[in-house]
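The values are calculated or read from the model by the stated rules, or taken from the named source; none is laboratory data. Quantities reported herein were computed from a predicted structural model and do not represent experimental measurements. Methodologically, a virtual Cβ is constructed for each residue, glycine included, from the backbone with ideal geometry; neighbour enumeration extends over all protein chains shown. These accessible areas exclude ligands, DNA and RNA; they are computed on the full protein's heavy atoms, side chains included. Shrake-Rupley method; radii C 1.70, N 1.55, O 1.52, S 1.80 Å.
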Amino acid sequence: MHKHHNKIAYLDNPQRNGGLTAEALLDQLAIKKSDHILDFGAGTGYFTLPLAQKVDETVFALDTDPAMLALIREKAQAAAIENIELLSGELTDGALAEESLDVILASLVLHEITPLGPVLDNMHSLLKAGGQLIAIELEPKTGGPKAPRLTSSGLEQQLMEAGFKVAEKFFPAPSLYVLVARK
């Protein structure tokens, strides 16, 4: 049993994504079999594994927690998925080459980053021309001191400041939003 058992149960719970499974959310996105993908803040691999099953190329799983990466390795081995590369650390560690990615998926993680601008700039540089950043976040409820979330309009503004063009915005569940931004 992992010491992060409660955290893992929470991160793997589809209710966290408005009740939608990773597969159902991914089916709503334009992901091609030839895409090179980064799952930014991969956590338990909630999106990493289904992404790896959708594409023929490498899915990079980046997380700062080695225990989460070990869990992804275990799940990938159990499912005989071989196109996942685990990356431990920060996005700025230089493990990925500029303009090497088609898609960066950031699910329920961008709200935790302050300041966010430099990370978005770095993501922009890692994407190929026409590449897409897919951000999945919870729209904060109005007011309340316990709402460290990122509004969809606030994230849209920061994406544009980083050089992205917001191509799509949708709400797959009442409080969950997806922004697809292109380089």
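List the pairs from Lys54/Lys141; Lys33/Lys141; Lys33/Lys75; Lys75/Lys165; Lys32/Lys141; Lys33/Lys169 whose alpha-carbon separation is above 28 Å, in the order I gave them.
Those over the limit are Lys54/Lys141; Lys33/Lys141; Lys75/Lys165; Lys32/Lys141.
Using the alpha-carbon centroid of each, what span in Å lies between the stretch 66-143 and the stretch 150-183?
16
Would you grab the residues whose amide H sits under 5 Å from the one on Glu168? Only those 5+ places off in sequence or on another chain, please, with H modelled 1.01 Å from N.
Under 5 Å from the amide H of Glu168 lie the amide H atoms of Val180, each far enough along the sequence or on another chain.
Please compute the modelled spin-label separation between Met160 and Ala70, points set 7 Å along Cα→Cβ, answer in nm with one decimal.
Output for this residue pair reads 4.5 nm.
So how strong a dipole does the chain carry about its Cα centre when Lys and Arg Cβ are +1 and Asp and Glu Cβ are -1, to the nearest 20 debye? The partial results should precede the final answer.
Numbers: 16 positive and 24 negative charges, 113 e Å.
Computed charge dipole of the chain: roughly 540 debye.
What Kirkwood hydrodynamic radius do you get for the stretch 26-79 when you take the inverse of the mean 1/r over all pairs of distinct Cα atoms, in Å? Write down the numbers at each step before the final one.
Working: mean 1/r = 0.0886 Å⁻¹.
Its Kirkwood hydrodynamic radius stands at 11.3 Å.
If you count the DSSP beta bridges with both ends in the chain, what percent of them are antiparallel, to the nearest 5?
40
Wrap a convex hull around the Cα atoms of the stretch 113-183, take a quarter of its surface area, and give that in square nanometres.
Approximately 4.8 nm², given one-decimal rounding.
For the chain, set up a GNM with springs between Cα atoms under 10 Å and report which of Asp56, Asp93, Asp35 has the largest fluctuation.
Between Asp56, Asp93, Asp35, it is Asp93 that shows the largest mean-square fluctuation.
For the stretch 83-123, what D do you get in µm² per second when you plug the Kirkwood radius from alpha-carbon pairs into Stokes-Einstein at 37 °C and 0.692 mPa s? Can you show the working numbers first?
Values: Rh = 11.7 Å.
Stokes-Einstein gives a translational diffusion coefficient of 280 µm²/s.
Note down the nm distance, to one decimal, between modelled labels 7 Å out along Cα→Cβ at Ser125 and at Ile113.
The modelled label-to-label distance comes out at 1.3 nm.
Per residue, what accessible area does the chain have, given a 1.4 Å probe and all protein chains present, in Å²?
49
Under 5 Å between amide H atoms, partner at least 5 residues away or on a different chain: which partners does His36 have, H built in plane at 1.01 Å?
For His36, whose amide H was placed from the backbone, the distant partners under 5 Å are Asp102, Val103.
Suppose the chain between Glu85 and Gln53 were pulled fully straight at 0.36 nm per residue; how much longer would it get relative to their current alpha carbon spacing?
10.2 nm
Under the rule of -39500 (n - 2.57) per DSSP H run of 4 or more residues, summed and divided by the residues of the chain, what mean residue ellipticity at 222 nm is obtained, to the nearest 500 deg cm²/dmol?
Rounded to the nearest 500, the figure is -8000 deg cm²/dmol.
Using Cα pairs under 8 angstrom and six or more residues apart, how large is the relative contact order of the chain, in percent?
18
For the stretch 37-139, calculate the relative contact order in percent as a whole number, restricting contacts to Cα pairs under 8 Å that are 6 or more residues apart. Display every interim value, and only then the final one.
Details: 178 pairs, mean separation 28.6, N = 103.
Contact order relative to length: 28 percent.
From the phi of every residue in the stretch 167-183, what ³J(HN,Hα) in whole Hz does the Karplus formula 6.51 cos²θ - 1.76 cosθ + 1.60 yield, where θ is phi - 60° and glycine or proline is x?
9, 7, 9, 8, 10, x, 8, x, 10, 9, 10, 10, 10, 10, 10, 10, 6
Could you tell me what % of all Cα pairs in the chain have separations over 20 Å? Mind showing how you got there, number by number?
Details: 8576 of 16653 pairs.
Beyond 20 Å sits 51 percent of the P(r) for the chain.
For the stretch 130-138, take each phi angle, set θ = phi - 60°, evaluate the Karplus expression 6.51 cos²θ - 1.76 cosθ + 1.60, and give the result in whole Hz per residue in order, putting x for glycine and proline.
x, x, 10, 9, 10, 10, 10, 9, 9
Which residues' amide hydrogens lie under 5 Å from the amide hydrogen of Glu139, considering only partners 5 or more residues apart or on another chain, with H built in the peptide plane?
Result for Glu139 returns Leu176, Tyr177.
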